[in-house]
Amino acid sequence: MVRRTRGGAKTLRSRGRWLQALLGGRSHEARALKTRMVAGTPRGSERARSLRHKSSSLTADAGRSAARDQECQFVSTESKVRLTSCSLRRRVPNRVACFRNLCLQLVLCALAFLCLVAPTTVSCEALGNEVEAPHPEANATLPVSLPEIMRIPDQDCVFPYFKEYTGACVSHRYVNGQSLYYHVPKFVTGYVVLIHGAGVGRSEDWFVRINRIPMMKRLINDGFAVAAVQSVAQWTMLTRQRDLTNQDQAFWQIVRETGMSPDVPVFAVCVSRGCQYQGWMAETLWRQRRPLRAQYMSIPWGVTRQFLARSAQRMPPTIVAIGEADTVPMVNTRAQLQPWVDAMRANGVEANLYVNKARNVDDCFHMLCRMPHTGGREMTRELVQEMRSQGVIDEEGRIIIPLPAMQGVENPYERLIVDAYMGVNYLRDWPVFSFAGPMIDWIYQELSELQGGHRHTSDFDTAVLNTFLRHSKYGEISAMAARG
């Protein structure tokens, strides 16, 4: 009994040293102790040989596993999360599955990024329309987002000068944080979506710029509701769906607030970069079986060749206007747009292309003398005379200095224009920009229109209004009456 007790104590001490070695990470010492412990038993020699064989194979496996862990280990610089092949191999049986799992995680990361950029309402059909080769510079110089000029509270009469000129109050609201301006006349014959340009373009432009408010007045007088929503990021391709969602929500908000019929025909008017978005919007609405009734594209910029080649059969009745002397990079030219217009006509769709040609400056300074509180023709005659004396125009009224091709581009001859209008006493107190009345910016707008540059012009308003009326409720009633 004593001998057996001593043997048991010795065995316990051996097992204790083996356990300490194992827990301490000394694997080689633990294996040696285990071998001696087993060798002391009656069947020890046979089991010792078996354990030595297993030990050598485990050692080799451990070495290969450590090498693989060191080889496959990486650190993600974006998420700062450390992953090892050991942790991956515990979940996947082989390297193929490991690679497949990693690819799946990358795809999920890409989808998460898209969810940050676009709303959850993006459809596969809408995403399919994005597969085209845009100009590489199209989005390079545009900001991701634009801050508000000022935080305008919700109100029902934003632009006092516009109200005086047109007799209509423009209401202001917000749609998903973006400004919405709209007016709904008493008897609605159509609903016009107004799409501003990029650069310094904003939704307010439709109700403060001299080359746009005459069109707004005529649209409202003819029974058209007008609405302008500020783009999320100046109509970039990544935010198109968000802009379209905002357009839809603005429409239904106006329906709720004013009682406008949701079945009203929808039209669209765009300027410059906004026409790239409007073309995509018109095509998307056609796919959704709620097409525009008609559209007007003024000085379109950046509309891709792929879109022009594929979209003619999906477009509504269309008017396109370009500037004869428009030299802005990536602007759409007559050579690009005329085949598109011809293709629409071949499909039986009403389509026309107008060219704003250069003209001489007259005594009215284009439209300036006709606008309220501008001093009338007496002031514009004095302005024209100052322009001649400063060398901006010649004796016949032809503009003889280069005007800036793009808004915000420095013009070395601008000092001559400034000296000209500062020489007119009536203009010295005009602000550069204003919601409440005439502004100095109007002079630059009119000069650019007269030069035939990259500027929306009011000269084609009559053609646009006639086209819209033919496809409005008024046009439907007139057609029914004509059929008798």
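The values are calculated or read from the model by the stated rules, or taken from the named source; none is laboratory data. All values reported here derive from a predicted model rather than from experimental measurement. Every residue, glycine among them, receives a Cβ derived from its backbone with ideal geometry; neighbour counts consider all protein chains shown.
If I ask for residues that are at positive phi and either of a type in the set (Lys, Arg) or under 29 Å from the mean Cα position of the chain (by Cα) (or both), which ones from the range 159-178 would you list?
Asn176, Gly177
Has the range 185-195 got at least one residue that is more than 21 Å from Thr374 (Cβ to Cβ), among the charged types (D, E, K, R) and either free of Cβ contacts under 8 Å to residues at least 40 places away in the same chain or crowded, with 19+ Cβ neighbours inside 10 Å (or both)?
For the range 185-195, residues more than 21 Å from Thr374 (Cβ to Cβ), among the charged types (D, E, K, R) and either free of Cβ contacts under 8 Å to residues at least 40 places away in the same chain or crowded, with 19+ Cβ neighbours inside 10 Å (or both): present.
What residue, of Gln338, Gln276, is within 24 Å of Gln241 (Cβ to Cβ) and either touching a strand residue (DSSP E or B) at 6+ places or on another chain (Cβ under 8 Å) or surrounded by fewer than 15 Cβ atoms within 10 Å (Cβ to Cβ) (or both)?
Step by step, each of Gln338, Gln276 is checked, and only Gln276 is within 24 Å of Gln241 (Cβ to Cβ) and either touching a strand residue (DSSP E or B) at 6+ places or on another chain (Cβ under 8 Å) or surrounded by fewer than 15 Cβ atoms within 10 Å (Cβ to Cβ) (or both).
Going through the range 177-217 one residue at a time, which ones are of a type in the set (Val, Ile, Thr) and in a strand (DSSP E or B)?
Listed by number, the residues that qualify are Val192, Val193, Ile195.
If a residue must be of a type in the set (Val, Ile, Thr) and touching a His at 6+ places or on another chain (Cβ under 6 Å), how many such residues does the range 292-330 contain?
2
Does the range 357-380 hold any residues that are outside any loop (DSSP other than H, G, I, E, B) and not basic (Lys, Arg), and which are they?
Our first condition is that a residue be outside any loop (DSSP other than H, G, I, E, B); within the range 357-380, this holds for 368-370, 376-380.
Hits for the range 357-380 are Leu368, Cys369, Gly376, Glu378, Met379, Thr380.
Looking at Arg377, Arg398, Arg388, Arg428, which is the one that is in contact (Cβ under 8 Å) with a residue 24 or more places away in the chain, not small (Gly, Ala, Ser) and not assigned by TED's automatic domain parsing to the domain that holds Trp206?
Arg398
Are any of the residues in the range 436-455 over 37 Å from the mean Cα position of the chain (by Cα) and assigned to a helix (DSSP H, G or I)?
no
Among the residues of the range 410-420, is there at least one that is among the polar types (S, T, N, Q), outside the structural domain of Tyr161 (by TED's automatic domain parsing) and either modelled with pLDDT under 90 or exposed (fewer than 15 other Cβ atoms within 10 Å of the Cβ) (or both)? Talk me through it step by step, then tell me what you get.
Start the filter on the range 410-420 by keeping residues that are among the polar types (S, T, N, Q), which leaves 411.
Now drop any that are not outside the structural domain of Tyr161 (by TED's automatic domain parsing), which leaves 411.
Cutting the leftovers down to either modelled with pLDDT under 90 or exposed (fewer than 15 other Cβ atoms within 10 Å of the Cβ) (or both) gives us 411.
Yes, that holds for at least one residue.
Only one of (1) buried (at least 16 other Cβ atoms within 10 Å of the Cβ); (2) within 19 Å of Ile210 (Cβ to Cβ) is not met by Phe433, so which one is it?
(1) is the only condition that Phe433 fails.
For the range 382-392, check the following and say yes or no: at least one residue is surrounded by 14 or more Cβ atoms within 10 Å (Cβ to Cβ), within 30 Å of Leu219 (Cα to Cα) and among the basic types (Lys, Arg).
no
Pick out the one residue from Arg240, Arg173 that is in contact (Cβ under 8 Å) with a residue 60 or more places away in the chain, over 22 Å from Met367 (Cα atoms) and assigned to a strand (DSSP E or B).
That would be Arg173, the only listed residue that is in contact (Cβ under 8 Å) with a residue 60 or more places away in the chain, over 22 Å from Met367 (Cα atoms) and assigned to a strand (DSSP E or B).
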